[in-house]
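Notes for the one structure printed next.
Nothing in this text is a laboratory measurement; each read-out follows from the coordinates by a stated rule. Since the model is a prediction, treat every value here as computed from it, not as a measurement. A quick note on method: Cβ atoms are made from the backbone with ideal geometry, for glycine too, and the neighbour counts reach across all protein chains shown.
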Amino acid sequence: MDSWGASVGLGLLAAAIGVIAFVRYRERETASLQRDVTVARELRELAAGDDVRIAAVDEFELVIYQRLFYASVVGPRVRSAAWSLLGATLALTAALVTADVGGILGTVVHIVAVVVGAVFGVSTLFFTGLAVFHSATTPRVSFAESYGAEAD
């Protein structure tokens, strides 16, 4: 057995497992945020006009909204970029493997693998650019200025 081929195969398997684990982790984080929103709503109802309890609920909600920014705006683009990167890696590996295959079928498979790799590569750049753009331009929920005004 060729050790180079085994190393590449194990690397591709590790990359696929890594991307799947990353996407799964982000999906669990989104579900956790949805549960936190429900808890915050219930806590607000239980506070029943008590200023101290309402202030604690406001702090809890602030943290949730700051995390929701990432989970709802940037997170999907990062997950899409991760899937696209995995697709590009697999397609370009297929292109390298089929480069030396002779015949018309080998040539067609090689060309298709190169085209698919290029499409996934462009989509990786696109989704990465969107994630960077949204993380730089979308306003975050912050009440820091209002806390500074209260301290004065």
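Selection within the range 98-122: residues that are β-branched (Val, Ile, Thr) and more than 28 Å from the chain's Cα centre (by Cα). The member of this set that is surrounded by the most Cβ atoms within 10 Å (Cβ to Cβ) is 98.
The residue of the range 38-97 that is surrounded by the fewest Cβ atoms within 10 Å (Cβ to Cβ), among those that are over 22 Å from residue 138 (Cβ atoms) and among the basic types (Lys, Arg), is 41. Scanning the range 86-118 for residues that are closer than 19 Å to residue 9 by Cβ, among the hydroxyl-bearing types (Ser, Thr, Tyr) and without any contact (Cβ under 8 Å) to a residue 60 or more places away in the chain yields a single hit, 98.
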